[in-house]
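Each remark here refers to the structure printed beneath this line.
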Amino acid sequence: MPRTKQFSHSQTAGKKLIELTPNRKGSVYKPAATLSQTKKRVPGNKALAEVKKYQRSTALLVRLAAFKRIVRHCMGSIEQGQELRFQKAAFLTLQSAYEAFMTDVLEDACRLTVHAKRKTLFRADIQLTYKIKYKYDLIPSMTE
């Protein structure tokens, strides 16, 4: 069997080997200049970066046009036959109150998820949070 050169993995770890001119004993190998290695992608880093981005920002998360459409639909079903008009400040106030409420509910639902030793937020977590915190509220549709 022909002899082959064997290299220690610790000496050449992460380095590209280049071949120099062969001599009597065989080829001489030398580690090349260390190439920039790409960082290993860790699962969940992108999600954590997104969470940090939204925590730093003060902008509203729900788009204003979609929120206006939902509010007009809800108010249209209450006041039938009358066209209601809203000021822009009223929409912004409603939207900021809605987002504060939903943030509060979802934070508590995430705590329930962690307490249950899970990583997935389920609908039941949100419903349980709503039942515990808003037990005497007049809107029963959230818990159904």
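Readers should treat all values here as calculations from the given coordinates under stated rules, not as data from a laboratory. Quantities reported herein were computed from a predicted structural model and do not represent experimental measurements. Don't worry about glycine lacking a Cβ; one is built from the backbone with ideal geometry, like all the others, and counts go over all protein chains shown.
A few comments on the model shown:
- Cα-based values for the stretch 62-143, radius of gyration first and Dmax second, are 15.8, 50 Å.
- The stretch 53-139: GluC sites (Glu not before Pro) in DSSP coil with no more than 15 other Cβ atoms inside 10 Å: E79, E83
- Net charge contributed by nearby residues that have their C-beta within less than 15 Å of R63 (K/R +1, D/E -1): +3
- Cross-link pairs K88/K119; K52/K88; K40/K131; K68/K117 - those with Cα-Cα distance over 31 Å: K88/K119; K40/K131; K68/K117
- In this Cβ point-charge picture (+1 for Lys and Arg, -1 for Asp and Glu), the stretch 67-111 has a dipole of about 280 debye about its Cα centre.
- Per DSSP, loop trypsin sites (Lys or Arg not before Pro) in the stretch 41-105 with at most 14 further Cβ within 10 Å: R41, R63, R85
- Cβ-derived FRET efficiency at R0 41 Å, T103 paired with T38, nearest 0.05: 0.70
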